[in-house]
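J.: The structure's right below; bear with me while I get my questions together.
The values are calculated or read from the model by the stated rules, or taken from the named source; none is laboratory data. If you're wondering where the values come from, they're calculated on a predicted model, not measured in any experiment. Neighbour counts run over all protein chains shown; Cβ positions are idealised from the backbone, glycine included.
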Ligand SMILES: NC(=O)c1ccc[n+]([C@@H]2O[C@H](COP(=O)([O-])OP(=O)(O)OC[C@H]3O[C@@H](n4cnc5c(N)ncnc54)[C@H](O)[C@@H]3O)[C@@H](O)[C@H]2O)c1
């Protein structure tokens with residue numbers, strides 16, 4: 001039996017950092033030693049709420065606790081320095097998506113992890129999403145033949161950029177959701193992306209004083225001849241029956257797969273208002289982050305459990321810093337394409 005408990009910390013204990021905390025508290029091989037947040041009040045209250053013994057506002061002080069690994073769940077633009085600091089001290093890193101917002105930052109993170117031979121895993125939990133895993137397996141088994149087309153929609157209601165994320169204006173729906181969509185698509189296709197053509201729509205969020213685009217439509221061509229169209233919107237109405245709208249269609253030479261992970265009617269609830277104030281019809285999330293009898297369930301904690309088990313067993317995680325760099329390159333190419341109005345070729349992907 002494997003008995004080693006992995007000593008862990010979480011940096012950034014906002015809405016998603018709490019998920020990391022819960023995952024580590026639940027996993028039998030994990031010991032959540034400390035948490036860290038630059039907001040001292042939040043660090044203290046979160047430590048009290050979850051019974052975490054040590055809390056800090058300084059990453060350096062937290063790292064002095066002698067940790068095996070840390071999760072980084074700070075805003076999208078604040079991942080790199082923390083990851084480099086941890087990796088340079090021989091601490092494994094699970095970083096929230098996107099790995100970082102610039103190529104240079106991704107390269108620094110990868111170099112720091114390589115220098116100390118520590119893991120740099122990116123939290124793309126859709127690789128643990130049962131529907132996507134089945135689709136990926138069917139593709140790998142040859143059941144679909146050659147993949148020619150993927151349509152991938154991952155969007156949020158306007159609640160997310162206007163009420164949930166205080167830093168939405170410093171990020172984008174491309175970084176926040178496009179990162180997931182691009183990673184899952186590349187993973188499904190299993191070939192190198194070669195060209196990106198993207199259109200960006202703006203106006204609704206900037207009109208509300210949030211300087212970020214409303215949506216992106218991104219076409220990606222792959223080296224094996226497959227093409228993907230990815231749609232990411234941050235302005236779906238709050239009256240939508242689900243906070244997230246997630247759909248995918250995969251067309252191959254021998255078969256097709258349709259995925260509907262958010263509106264599949266596993267449950268449809270019709271009430272005057274949900275406790276969160278959303279109107280009538282509601283398809284509550286029961287697959288990503290459901291809480292069942294007080295336990296955090298759903299596939300979002302599976303990627304975090306995977307990180308724990310990789311550290312415990314000395315296995316390399318299923319996602320890497322190199323995947324993160326490719327993902328950020330795609331996002332930057334999409335922005336460039338949207339700005340210029342022309343397709344952008346991807347070059348030097350191995351550097
Ligand atoms: N995997 C997913 O599906 C998923 C879902 C939601 C968010 N995320 C990602 O998780 C990250 C955090 O998102 P969130 O929604 O929890 O944001 P949030 O704003 O709720 O929380 C971020 C926290 O980080 C703290 N922080 C900021 N800079 C810091 C620093 N330098 N050092 C220490 N603490 C710092 C803030 O005080 C805040 O408490 C983002 O990268 C986001 O894209 C991923």
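J.: Could you grab me the full set of residues in region 87-105 that are within 14 Å of the ligand (Cβ to nearest atom) and in contact with a helix residue (DSSP H, G or I) (Cβ under 6 Å, 6 or more places away or on another chain)?
T.: 93, 94, 95, 97, 98, 99, 100, 101, 105
J.: Taking the options 152, 216, 159, name whichever one is surrounded by fewer than 19 Cβ atoms within 10 Å (Cβ to Cβ) and away from the ligand (no atom under 11 Å from the Cβ).
T.: From the options 152, 216, 159, the qualifying one is 159.
J.: So which helices (runs of 4 or more DSSP H) are wholly in region 7-79 and hold at least 1 residues that are in contact with a strand residue (DSSP E or B) (Cβ under 9 Å, 6 or more places away or on another chain), without any contact (Cβ under 8 Å) to a residue 40 or more places away in the chain and within 14 Å of residue 304 (Cβ to Cβ)?
T.: Numbers: elements: 17-26, 40-50, 59-63.
Correct list: 17-26.
J.: While we're looking at this one, here's another question. Mind telling me which of the residues 98, 130, 75 ends up being outside the structural domain of residue 15 (by TED's automatic domain parsing) and within 19 Å of the chain's Cα centre (by Cα)?
T.: 130
J.: Ok, one more. Look through 261, 284 and report the one residue that is within 16 Å of the ligand (Cβ to nearest atom), surrounded by 12 or more Cβ atoms within 10 Å (Cβ to Cβ) and modelled with pLDDT under 95.
T.: Unique residue meeting the criteria: 261.
J.: For region 112-133, state whether one or more residues are under 28 Å from residue 260 (Cβ atoms) and free of Cβ contacts under 8 Å to residues at least 40 places away in the same chain.
T.: Checking region 112-133: at least one residue is under 28 Å from residue 260 (Cβ atoms) and free of Cβ contacts under 8 Å to residues at least 40 places away in the same chain.
J.: Moving on. Based on what the data block shows, is residue 175 within 16 Å of the ligand (Cβ to nearest atom), assigned by TED's automatic domain parsing to the domain that holds residue 196 and farther than 17 Å from residue 317 by Cα?
T.: yes
J.: Would you mention how many residues in region 107-126 are more than 14 Å from residue 90 (Cβ to Cβ) and out of contact with any helix residue (DSSP H, G or I) (no Cβ under 6 Å at 6 or more places or on another chain)?
T.: Total meeting the criteria: 2.
J.: Kindly indicate which of 170, 194 is surrounded by fewer than 17 Cβ atoms within 10 Å (Cβ to Cβ), touching a residue at least 12 places away in the same chain (Cβ under 8 Å) and within 16 Å of residue 77 (Cα to Cα). Reasoning before the result, please.
T.: On the way: 194 fails: within 16 Å of residue 77 (Cα to Cα).
Criteria check complete, one pass: 170.
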